[in-house]
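Q: Below is one structure. I have some questions about it.
No lab work stands behind these numbers, since they all come straight from the coordinates. From a predicted model like this one, the values you see are computed outputs, not experimental measurements. With ideal geometry, Cβ positions are generated from the backbone for all residues, glycine too; neighbour counts draw on all protein chains shown.
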Amino acid sequence: MKAHCLMHVPFEGPGYIGDWFASRGAGLKFWKLYEEMAFPRVEDVDFLLVMGGPMNIYEYDRYPWLEPEKNLIGTCIREKKKVLGICLGAQLLADVLGERVFPNSEKEIGWFPVRGRDSLFPESYLPFHWHGETFNLPAGAVNLASSEICSNQAFSHGNNVLALQFHLEVTPALVEGLLDHVAGDLEPGPFVQGREEIIGGLVNAGANRKILHTVLETFSRDI
C-alpha cells in the first residue's frame, strides 16, 4: 500500500494511525507542508492521510499550500483513492466536496462523548477534540457521528472518503504538543477542558486506539 501523510504543523502527526500502517508493513511517506510545498503524484497514492492544524482552510495568503492541497485531495477523491481527513483534514474534505466550513457555536476542546450513527463506530465513545469550526454535511455523504455541540463529527462519502473531526489517533506526546503550542485556545467555555483534565483524559487513549485500528482495517479493506 502506497500511503502518504500531509502534515500542516509538526505537532499534529498521525500518532496511532502511524502505528497501524507500521503493523501492516506499509510505511507512511510524510509531506511536511510547513517546511516545503511539495505533494505526492496522484498515481503514486493508494491512501492519502490529511492531518490537522490550527489554521483556517481559507487562509490562502498565509498558507499558499492550501489551494494545491485541495486540488490534490479533489483529484484523489475522483480517482477513487482512499482519503482520510482528521480535524482540519476533515474540514478540507468537506470543502472539496462542496460544503462550507464555519465557526461552531462553541469550541470543543478535550474529551467529550460522541454518538456513533453507523456500524463503523461504537454507539458511544470518548475521543479527543480540539476544534472551533465545523461544516455542513456534503451532498451524498453519510453522517457517522455527532456530539452534543457538533452534529457533524464524522462522515463517509462513497467507499473511499472518511472524515473525522475528532481525534482517535492522539498519543500522550501529541496531546502534550497541542498543549505546548496552542494552549491559547483553552479559553473558558462549556466544552473546553483545562490542561489537567485533558492530561487526565489520556486514560481513554488505549480504547480509542482500538476503535481507530478497527476503523482503518474496515476502511482500507479493498485496497
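Q: Looking for whichever is surrounded by fewer than 18 Cβ atoms within 10 Å (Cβ to Cβ), free of Cβ contacts under 8 Å to residues at least 12 places away in the same chain and small (Gly, Ala, Ser) here; the options are Ser119, Ser105. Which one fits?
A: The conditions single out Ser119.
Q: State whether one or more residues within region 87-95 are surrounded by fewer than 21 Cβ atoms within 10 Å (Cβ to Cβ) and either under 26 Å from His181 (Cα atoms) or touching a strand residue (DSSP E or B) at 6+ places or on another chain (Cβ under 9 Å) (or both).
A: Yes, region 87-95 contains a residue that is surrounded by fewer than 21 Cβ atoms within 10 Å (Cβ to Cβ) and either under 26 Å from His181 (Cα atoms) or touching a strand residue (DSSP E or B) at 6+ places or on another chain (Cβ under 9 Å) (or both).
Q: Quick one: what pairs do we get from region 16-27, first residue under 20 Å from Ala173 (Cα atoms), second small (Gly, Ala, Ser), C-beta under 6 Å, 6+ apart or different chains?
A: Every condition considered, the pairs that remain are Phe21/Ala3.
Q: Within region 208-219, can you find the residues that are without any contact (Cβ under 8 Å) to a residue 24 or more places away in the chain and of a type in the set (S, T, N, Q)?
A: Thr214
Q: While we're looking at this one, here's another question. Can you name the residue in region 122-131 that is of a type outside the set (D, E, K, R) and not in a strand (DSSP E or B) and, of all such residues, is surrounded by the most Cβ atoms within 10 Å (Cβ to Cβ)?
A: Pro127
Quick grid of which residues meet (1) buried (at least 17 other Cβ atoms within 10 Å of the Cβ); (2) touching a residue at least 40 places away in the same chain (Cβ under 8 Å); (3) closer than 19 Å to Val161 by Cα; (4) in contact with a Lys or Arg (Cβ under 6 Å, 6 or more places away or on another chain):
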residue: Leu33; (1), (2), (3), (4): yes, no, no, no
residue: Arg41; (1), (2), (3), (4): no, no, yes, no
residue: Pro54; (1), (2), (3), (4): yes, yes, no, no
residue: Ile57; (1), (2), (3), (4): yes, yes, yes, no
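Q: Moving on to the next point. Of all residues in region 162-207 being touching a helix residue (DSSP H, G or I) at 6+ places or on another chain (Cβ under 9 Å) and free of Cβ contacts under 8 Å to residues at least 24 places away in the same chain, which is farthest from Phe128 (Cα to Cα)?
A: Ala183
Q: Oh, and also: Among the listed residues Leu93, Leu72, Leu144, Leu126, which satisfies the condition of being touching a helix residue (DSSP H, G or I) at 6+ places or on another chain (Cβ under 6 Å) and in contact (Cβ under 8 Å) with a residue 24 or more places away in the chain?
A: Of Leu93, Leu72, Leu144, Leu126, the one residue that is touching a helix residue (DSSP H, G or I) at 6+ places or on another chain (Cβ under 6 Å) and in contact (Cβ under 8 Å) with a residue 24 or more places away in the chain is Leu126.
Q: Given the conditions (1) within 15 Å of the chain's Cα centre (by Cα); (2) surrounded by fewer than 21 Cβ atoms within 10 Å (Cβ to Cβ), which single one is not true for Ser147?
A: (1)
Q: Considering only region 181-211, state which residues are within 12 Å of Glu108 (Cβ to Cβ) and surrounded by fewer than 13 Cβ atoms within 10 Å (Cβ to Cβ).
A: If the condition is that a residue be within 12 Å of Glu108 (Cβ to Cβ) and surrounded by fewer than 13 Cβ atoms within 10 Å (Cβ to Cβ), then Pro190 is the only one that fits.
Q: Further question: Among the residues of region 14-25, which ones are surrounded by fewer than 16 Cβ atoms within 10 Å (Cβ to Cβ) and among the aliphatic types (A, V, I, L, M)?
A: Ala22
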